[in-house]
1. Just to check I understand the Karplus step: with θ = phi - 60° and J = 6.51 cos²θ - 1.76 cosθ + 1.60, what whole-Hz values come out for segment 22-35, glycine and proline as x?
2. Give me the distance in nm between label points sitting 7 Å out from Cα along the Cα-to-Cβ direction at Leu13 and Leu73, one decimal.
3. Residue by residue, what Karplus-based ³J(HN,Hα) values in Hz, rounded to whole numbers, does segment 4-21 have, using 6.51, -1.76 and 1.60 with θ = phi - 60° and x for Gly and Pro?
4. Counting other beta carbons within 10 Å of each Cβ, put Asp10, Asp66 in order, fewest first.
Amino acid sequence: MRRTSIRLNDSLLADAKRIAAEKGSTLTSVIEKVLRQSFALQKRAGKPGKGRFTTSGKGGFRPGVDLDRWAALLDLMEQPSSIVEEYGT
């Protein structure tokens, strides 16, 4: 383990010290835990997952919509006569 210095916003440091005191822990362990959690979240966010789409209304997607063909979907979304004319929104 290495010793280092970091600069923190005063209120952030105060919060970290408060949490350390509440947990009966050290400031170092609180900072390490938060950094590890942040890195893990960033790593998971970079991995594509399977999305689940929920539709409403009748019949699900509009005719011609195929979520596996993203270029065609983009073309469909950019058409001027899309949802505005169909639903008046």
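What follows draws every value from the coordinates through simple rules; no lab data is involved. None of the values given here were measured: they were computed from a predicted structure. Counting neighbours? That spans all protein chains shown, and the Cβs are built from the backbone with ideal geometry, glycine included.
1. Result, rounded to whole Hz: 4, 8, x, 10, 9, 4, 4, 5, 5, 5, 4, 4, 5, 5.
2. With each label point 7 Å from Cα toward Cβ, the separation is 4.8 nm.
3. 8, 10, 9, 9, 10, 4, 4, 5, 5, 5, 4, 4, 5, 5, 4, 5, 4, 5
4. Working: Asp10 7, Asp66 10.
Least crowded to most crowded, the residues run Asp10, Asp66.
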